[in-house]
């Protein structure tokens, strides 16, 4: 198949990434072929190498971009927010909003971590750990001030993140509860879990 008329290098690269995101989300990394990706974008599969180094490189880009974006948005959401209670609320709101609106990236970053080569997986895990550490720090500060009743900040971090992340698996914009209602409910659950 010939290159799409009027496409440019950057436009094609963006199309490849968007198509890769859709296909990996829909079929899984292992099941997605470069031929399938080329067909989706409208170029020959061999031409993909003008834009991506490999199928693995595409997955790495998707996963690392997801984590870097999530961390940057969290840091912006926490900027200027004082105190562990307000910071935990801000964390929950950001995490929920991101996970409700970026389902494909979230699912890929969580489910396809196993498909990354060791060095790439280590880079993704380091970013995930950095993100989780921000929540752990909030929880430890709250416990130290006597505001949160938690036995283990790391275990509590994992529990809160698991609960909040799960929303991306079932949330539907046309469901019976609005995004804002679900954010409020989940944030309240997280807050009550640490405040006793």
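Overview of results
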{"read-out": "As computed over the chain, the Cα convex hull volume per residue (Å³)", "value": "134"}
{"read-out": "Gained length - residue 86 relative to residue 111, 0.36 nm times residue gap less alpha-carbon distance", "value": "5.9 nm"}
{"read-out": "Gain upon complete extension [residue 26, residue 188; 0.36 nm per residue less C-alpha separation]", "value": "55.1 nm"}
{"read-out": "Inter-part distance where segment 15-65 and segment 146-196 are each reduced to a Cα centre, Å", "value": "33"}
{"read-out": "Convex hull volume per residue for segment 151-196, taking Cα atoms only, in Å³", "value": "61"}
{"read-out": "Candidates 19, 144, 124, ranked by Gaussian network fluctuation over the chain, Cα under 10 Å, top entry", "value": "144"}
{"read-out": "Candidates 167, 138, 185, ranked by Gaussian network fluctuation over the chain, Cα under 10 Å, top entry", "value": "185"}
{"read-out": "Residues residue 54 and residue 79, FRET efficiency given R0 of 45 Å [Cβ-Cβ distance, rounded to 0.05]", "value": "0.75"}
{"read-out": "Average Cα contact separation per residue, segment 1-157, under 8 Å, 6 or more apart, as relative contact order %", "value": "23"}
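Each reported figure results from applying straightforward, stated rules to the coordinates on display, with no laboratory input. None of these values were measured; they are calculated from a predicted model. Here the Cβ is made from the backbone with ideal geometry for all residues, glycine too, and neighbour counts use every protein chain on show.
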